[in-house]
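Shown next, in structure tokens, is the structure this report addresses.
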Amino acid sequence: MIALKQVPLPAANRGHARISVNAAAVTSGDARIRSAMAPAGMSVGLRLAFGIRRPRQPVLGMFFSGTLEEAVAGMEPGTRVFGNTGMAMGAHAQHLTIASDRIVAIPDDLELDDAEAAALPFGGLTAADFLIGKARIAQGAKVLVNGATGEVGCAALQIASNFGAIVTAVCRTENHEFARELGASRVHDYREGIPRGQWDIVMDIAGTLPWRRASELVAPGGVHLPVTASLHQMLGAALFPRRAEGRRISGTTSSDGPAALLRLRSLFADGVLKPVVGARFPFSRIVDAHVLVDTGHKRGGVVVTMQRA
Ligand SMILES: NC(=O)c1ccc[n+]([C@@H]2O[C@H](COP(=O)([O-])OP(=O)(O)OC[C@H]3O[C@@H](n4cnc5c(N)ncnc54)[C@H](OP(=O)(O)O)[C@@H]3O)[C@@H](O)[C@H]2O)c1
């Protein structure tokens, strides 16, 4: 259950930054941790990682933008930053402490408001790691994005199309125009079944195209990216990444460390990726933000913004 509470200020260890949070993303990851609902076979791991009966860290939230309260790592107080707490969480709060290598500064010349900066990392880090890092996307590649208009999908469509790929987006018809605006050149409604064709990269964000369904969609030499994977799929991908005709399955988790954050800022600065904020709520309405995320049909990211006295 989500409720707003007054809690003590978080303690800062040496080398940690004190942040006044300006905005924070409420993601499908937060919803998973809150509800302990995960793809088949993953719930036990989720509970072991984050808490058996309820989240060990009662303040959820991994992705945020904020303002530095004290100087740290060469950055002055007042510097605007965005970042990723990783498993420590705690970003759904007015104040946060975080290792200084988990934040990056937002230079004054970057046009990125607080909500956009909070919405950038979840989808951006994931899509960049899977498409650029794991699939080594290149000009002219044919890419299928299954689950194309959520937070990860919006980032995937933009990165893939800006790398010169030919992108097919899978989402409901009512989102097709939106997917085209983000770079898709073909669209498919999943309610009409699995799309027909073959793609060099099949990125399964919705978790409905495990290898047994996706294998016929992956072109020879192509790659399957199971972004949402069951335990069975994770083990299969780890143990048998190479499949017939030079095809491969690449990774089930994404890297989100300091280098990935810096690359993300560059992708934004270079115009490859713009965060999509589908909904903004004041922090006092964080429950409504979770309700929207739980639908599984949000567009882009959902953000809560902090009110200052
Ligand atoms: N592996 C990793 O490291 C990693 C990192 C981040 C996220 N993830 C996972 O990625 C998943 C997606 O995250 P998200 O926040 O982007 O989700 P989301 O915002 O809820 O997006 C859902 C998207 O999937 C589409 N969709 C819904 N049902 C579908 C179906 N049956 N077939 C195909 N598409 C369907 C929706 O389209 P309509 O709205 O048109 O229905 C929408 O475009 C989550 O499961 C999350 O856990 C994994």
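Using a Gaussian network model of the chain in which every pair of alpha carbons under 10 angstrom is joined by a spring, one finds that among Gly86, Gly74, Gly29 the greatest mean-square fluctuation is at Gly74.
Rounded to the nearest whole Å³, what is the per residue volume of the convex hull around the Cα atoms of segment 136-249? Walk me through the numbers on the way to the answer.
Values: hull volume 10.3 nm³, N = 114.
For segment 136-249, the hull spanned by Cα atoms encloses 91 Å³ per residue.
Residues considered: Leu68, Leu262, Leu110. Largest GNM mean-square fluctuation over the chain, using C-alpha springs under 10 Å, is found at Leu110.
Just subtract the alpha-carbon distance of Ser43 and Lys5 from 0.36 nm times their residue separation and send over the number in nm, one decimal. Mind showing how you got there, number by number?
Details: separation 38, 0.36 × 38 = 13.68 nm, distance 2.70 nm.
That works out to 11.0 nm of additional length.
The alpha-carbon of Lys298 sits under 24 angstrom from the alpha-carbons of these lysines, leaving out residues fewer than 8 places away in its chain: Lys274.
Shape analysis of segment 75-131 places it in the oblate category; the axes a ≥ b ≥ c from the Cα gyration tensor give an a/c of at least 1.5, with a/b not above b/c. When you count the other C-beta atoms within 10 angstrom of each residue and take the mean per peptide, 45-58, 130-143 line up highest first as 130-143, 45-58.
Can you give me the accessible area per residue for segment 136-249, using a 1.4 Å probe, in Å²?
Details: 5130 Å² over 114 residues.
Heavy-atom accessible area per residue stands at 45 Å².
Of the residues Ile33, Ser100, Gln6, the one whose Cα sits farthest toward the positive end of the charge dipole of the chain, with +1 on the Cβ of Lys and Arg and -1 on the Cβ of Asp and Glu, is Ile33. Entry for the chain at q = 0.09, 0.12, 0.16 Å⁻¹: log10 I(q)/I(0) = -0.44, -0.78, -1.33, Debye formula applied to identical alpha-carbon scatterers, no solvent contribution.
Ranked by accessible surface with a 1.4 Å probe, highest first, in what order do Glu181, Glu151, Glu116 come? List each step's numbers first, then the result.
Working: Glu181 135, Glu151 15, Glu116 45 Å².
Putting Glu181, Glu151, Glu116 in descending order of accessible area: Glu181, Glu116, Glu151.
Counting Lys and Arg as +1 and Asp and Glu as -1, each charge on the Cβ, what is the dipole of the chain about the Cα centre in debye, to the nearest 20? Please list the in-between numbers first.
On the way: 33 positive and 26 negative charges, 228 e Å.
My answer is approximately 1100 debye.
If I take R0 = 51 Å and measure r between the Cβ atoms of Arg186 and Glu70 in this structure, what FRET efficiency does the formula 1/(1 + (r/R0)^6) give, to the nearest 0.05? Given R0 = 51 Å and the Cβ-Cβ separation, E is 0.55. For the chain, the share of DSSP beta bridges that are antiparallel, to the nearest 5, is 50%. Specify whether the C-alpha gyration tensor of segment 51-201 places it in the rounded, prolate or oblate class, a ≥ b ≥ c being the square roots of the eigenvalues: rounded for a/c under 1.5, otherwise prolate if a/b is larger than b/c and oblate if not. Verdict is prolate for segment 51-201.
Quick one: compute the contact order of the chain, relative version, from alpha carbon pairs under 8 angstrom and 6+ residues apart, as a percent.
Values: 669 pairs, mean separation 61.3, N = 309.
Reported relative contact order: 20 percent.
Exposure check, 1.4 Å probe, all protein chains in place: Phe163 carries approximately 60 Å² of accessible surface. Accessible area per residue was computed with a 1.4 Å probe on protein heavy atoms; Asp200 scores about 60 Å². Taken about its Cα centre, segment 58-144 carries a charge dipole of about 680 debye when Lys and Arg each add +1 at the Cβ and Asp and Glu each add -1 at the Cβ. At a probe radius of 1.4 angstrom, the accessible area of segment 1-114 per residue rounds to 53 square angstrom.
Tell me the carbon and sulfur percent of the accessible area for the chain, rounded to whole percent, probe radius 1.4 Å. If you can, show how the numbers build up before the last one.
Details: 7640 of 14410 Å².
Carbon and sulfur atoms account for 53 percent of the accessible area of the chain.
The values are calculated or read from the model by the stated rules, or taken from the named source; none is laboratory data. A quick note: this is a predicted structure, and the numbers were derived from the prediction, not measured. Please note: Cβ atoms are built from the backbone with ideal geometry, for glycine as well, and neighbour counts cover all protein chains shown. Protein only, heavy atoms only, side chains kept; ligands, DNA and RNA dropped before computing areas. Shrake-Rupley method; radii C 1.70, N 1.55, O 1.52, S 1.80 Å.
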